[in-house]
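A short worksheet on the structure shown next.
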Amino acid sequence: MTTVEPAATPASSPVPLDPAAAFALLDTWKVPMPRQALADTPGAAAQAATGIGFPVVLKAVASGLAHKSDVGGVRVSLLTADAVADAARAMAAGIPALNGYLVQEMAAPGLELIAGLKRDPAFGPVLMVGLGGVWVEVLRDVALRLAPVTYADATAMLAELRGAPLLSGYRGAPAVDREALVHLLVRLGRLAVADPDILELDLNPIIARSDGVIAVDVRVVRAPFSTGVTARSARDADAVERVLNPRSIVVVGASTSRAKQGGRLFHYLLKHGFAGPLYAVNPRASVVMGRPSFPSISELPGVPDLACIMVPAEVVPGVVEDCGRKGIRSAVVYTSGFAEIGEQGREAQAALVEVARRHGVRLCGPNTAGVVNVGASTCAAFGMAFEVERMPSGGIAFLTQSGALGSSLLSRCWDQGIGFSHWASTGNEADLTLSDYLLYLANDPAARVIAVFMESIKDPQRFIEACERARATGTPIVVYKAGASEVGQRAVQSHTGSLAGDDAVYDAVFRANGVVRVHDLQALVDGAVALAWQPLPRGRRVGVISASGGACGVIADECARQGLQIPLLPAETVARIARIIPPFGVSQNPIDVTMEITVNPGMVGQVSEILLEESCIDALIVLMTTNADPPARVVAEGVVHAARAGGKPVIVARVGAEFLAPAAIAYYRESRIPLFPMPDRAVKALKAMVDVESAHRGVAASRQE
Ligand code: ADP
Ligand code: MG
């Protein structure tokens with residue numbers, strides 16, 4: 001066997017390993033490959049083929065050739081030494097960059113799969129498996145996990161593929177050796193961890209048969225690579241505590257006019273009842289809105305926990321320095337004009353961070369819309385959402401990287417009686433990041449659920465740490481991530497590289513860490529409300545009560561779409577329900593109590609109780625059409641009573657207009673029953689709850705192995 005010289009390429013850019021090195025690496029990791037030999041002339045190829053035994057496959061070896069079959073660089077089923085030599089000469093003529101040949105034992109036919117690794121710049125190694133071999137880019141049927149993976153993870157990855165039934169044998173084909181595949185995936189995951197220089201790795205295809213798997217085409221791209229994760233030595237919880245729960249505050253740039261941002265911020269702190277010492281720094285005033293104002297931080301009579309900084313960008317570093325000299329350890333920088341505006345802003349931001357580090361000041365922002373802690377009556381934000389008379393409190397902590405959109409959502413939720421524990425706009429995250437706030441909130445009992453509007457994660461390891469803490473404290477995290485359509489910036493050199501795009505990696509990270517992802521803002525809010533107000537379901541089996549056969553059909557369709565089940569009830573339960581509802585109703589799940597509810601509204605509560613007692617039901621959806629007060633209020637009382645006794649989640653959808661049933665709606669809200677105007681929103685909210693339950697259980701199970 002002769003070795004093909006590795007192609008000369010610039011040392012700085014990542015390059016594929018030459019075949020001999022790739023084979024040696026994969027062999028160490030027990031990746032099954034066909035008998036194979038490299039050759040540099042047609043004669044040597046023919047000789048190698050004779051040694052391997054016919055039939056053989058001949059492949060062109062050429063630097064930078066990613067798809068050999070596209071250029072006639074793969075010839076299968078060669079039966080003689082002459083055929084090999086002829087094919088080799090033809091390849092040499094057709095492929096100018098050719099610098100050798102690979103001769104392989106021809107594998108018996110089987111199911112073609114791809115397995116691969118990619119090192120994500122943020123999250124580190126990602127493992128992929130997919131169906132299709134040469135068709136993989138067409139089918140895009142792949143499953144991803146962060147490496148390493150457990151046997152259970154690898155098994156689940158295979159089960160996730162749309163083409164999973166093919167693995168079990170389809171139309172008479174034998175089932176493939178899943179166990180061999182699972183073991184191979186686990187080994188690849190370990191390889192990724194052990195060899196941090198691997199940037200991309202493709203086994204494409206792996207031919208899977210009932211008697212094992214074999215990788216007939218391998219590609220490995222190596223580069224010295226750092227994930228850019230910077231471990232911080234200091235704990236950040238105290239810094240976040242001072243931002244989200246300060247005992248005393250100074251507003252630097254507090255204006256006497258509410259028409260200015262700095263004035264509005266000061267006004268909101270006062271208006272929403274901040275109880276601790278509150279100072280203004282404004283050299284042109286001695287009093288701001290009735291509070292003492294000082295010309296500079298150094299002249300403050302005390303050392304506040306938090307400085308709220310609302311001054312022009314060029315002045316910010318000096319103010320942060322003053323904070324440090326005074327002993328103020330945390331600051332919220334609202335000022336824009338930093339990294340979000342481009343190169344010049346990035347430099348300004350780096351300089352700001354440098355000043356802050358040097359003087360021991362931790363930063364929220366810059367370019368943040370502020371932070372709110374409702375329980376502590378602290379509204380350190382300037383968005384006009386805070387014109388609200390009183391901020392309703394509740395169990396949802398809401399983190400957002402975009403301040404403006406975040407606070408507009410807040411106000412919309414308040415309109416519907418939904419309250420929050422905290423709201424933080426993390427801004428540019430020059431210092432404190434989303435992960436820091438998450439970690440803090442996971443430990444705060446006031447935050448029953450954390451909703452996140454996310455653009456990107458800056459510090460993946462801390463994010464994962466925060467998710468772990470949230471699971472440990474039973475705090476669900478629901479995320480809407482913008483930018484799902486974005487594609488990775490780095491040019492990719494493998495199938496795995498192109499298929500494991502940024503968004504797919506986020507999916508894998510969320511899944512591995514029990515984070516529930518939703519795909520629209522409405523579902524973020526709806527899911528958070530349901531999680532904050534109702535107990536978690538133990539499974540996905542839904543009982544449905546409606547007064548309309550058509551509505552029952554809508555719920556059934558949406559449940560099917562979301563993977564929720566509407567199980568049949570046992571005969572005795574059906575009989576109990578039949579005794580309550582009119583004879584023309586439907587007493588089997590989904591239950592139709594009919595428009596009789598206008599004269600007998602109490603039956604909804606009675607049927608709810610029966611359903612919630614039923615062991616095959618995990619959650620209840622009540623779907624009302626146009627019922628109006630006062631019967632609507634009687635329905636609400638019955639449902640609330642049943643929900644309190646049942647210990648299972650109950651969600652109500654009311655399609656009829658709100659003006660018809662203000663008393664009923666108010667009662668649902670004060671009783672913390674999630675109420676939606678459309679049936680699909682009720683089902684999606686329940687789906688988020690089911691996902692949280694199974695994510696927390698699933699992560700716990702895979703950690704136990
Ligand atoms: P490329 O991906 O560069 O086009 P491959 O080495 O993957 O080239 O070969 C293309 C296809 O040829 C494979 O998907 C597979 O169907 C078939 N093939 C390649 N090598 C073998 C082999 N040793 N035994 C059987 N089939 C093979
Ligand atoms: Mg290939």
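What to note about this one:
- Restricting segment 405-464 to residues that are over 19 Å from F510 (Cα atoms) and aromatic (F, W, Y), the residue that is modelled with the lowest pLDDT: W414
- Qualifying positions in segment 133-152 - in contact (Cβ under 8 Å) with a residue 60 or more places away in the chain and either over 18 Å from R511 (Cβ atoms) or more than 19 Å from the chain's Cα centre (by Cα) (or both): G133, V134, V136, E137, R140, T150, Y151, A152
- Taken over segment 134-155, the criterion of being surrounded by fewer than 20 Cβ atoms within 10 Å (Cβ to Cβ) and part of a helix (DSSP H, G or I) is satisfied by V134, W135, E137, V138, L139, Y151, A152, T155.
- Condition met for A24 (outside the structural domain of I198 (by TED's automatic domain parsing), away from ligand 2 (no atom under 13 Å from the Cβ) and closer than 15 Å to R89 by Cβ): no
- Selection within segment 590-626 - at pLDDT 95 or above and touching a Lys or Arg at 6+ places or on another chain (Cβ under 7 Å): I610, L612, C616, I617, D618, A619, L620
- Residue tally, condition more than 23 Å from G212 (Cα to Cα) and within 14 Å of ligand 1 (Cβ to nearest atom), over segment 25-44: 1
- Qualifying positions in segment 27-41 - away from ligand 2 (no atom under 16 Å from the Cβ) and open to solvent by less than 30 Å² (accessible area, probe 1.4 Å): A37, L38, A39
- Single residue of segment 55-78 satisfying the filter (assigned to a strand (DSSP E or B) and open to solvent by 40 Å² or more (accessible area, probe 1.4 Å)) that is farthest from ligand 2 (Cβ to nearest atom): S77
- When segment 349-376 is filtered for residues that are open to solvent by less than 40 Å² (accessible area, probe 1.4 Å) and in a loop (DSSP other than H, G, I, E, B), the ones remaining, listed by number, are H359, G360, V361, G365, P366, T368, A369, V374, A376.
- Options I665, I673: the member that is out of contact with any Pro (no Cβ under 9 Å at 6 or more places or on another chain), modelled with pLDDT of 95 or more and in a helix (DSSP H, G or I): I665
- Within segment 549-576, tally of residues that are without any contact (Cβ under 8 Å) to a residue 12 or more places away in the chain and among the acidic types (D, E): 2
- Test set (1) within 16 Å of ligand 1 (Cβ to nearest atom); (2) within 21 Å of A85 (Cα to Cα); (3) modelled with pLDDT of 85 or more - V4 fails condition number: (3)
- Test: residue in segment 201-210 that is modelled with pLDDT of 90 or more, open to solvent by less than 10 Å² (accessible area, probe 1.4 Å) and more than 16 Å from ligand 1 (Cβ to nearest atom): no
- Residues located in segment 241-289, provided they are buried (at least 24 other Cβ atoms within 10 Å of the Cβ), out of contact with any His (no Cβ under 9 Å at 6 or more places or on another chain) and in a helix (DSSP H, G or I): V243, G262, L265, F266, Y268, L269
- Unmet requirement for A575, which otherwise passes all of (1) open to solvent by 30 Å² or more (accessible area, probe 1.4 Å); (2) not assigned by TED's automatic domain parsing to the domain that holds G602: (2)
- Matching option when the condition is without any contact (Cβ under 8 Å) to a residue 24 or more places away in the chain and not acidic (D, E), among P460, P445: P445
- Segment 682-699 residues that are modelled with pLDDT under 85, paired with ones that are aliphatic (A, V, I, L, M) (beta carbon under 8 Å, 6 or more apart): A695/V515; A695/V516; V699/A512
The values are calculated or read from the model by the stated rules, or taken from the named source; none is laboratory data. The structure displayed is predicted, hence computed values, not measured ones. Cβ atoms come from the backbone with ideal geometry, glycine included; neighbour counts cover every protein chain shown. Areas reflect the complete protein model, heavy atoms only, side chains present, ligands, DNA and RNA absent. Shrake-Rupley method; radii C 1.70, N 1.55, O 1.52, S 1.80 Å.
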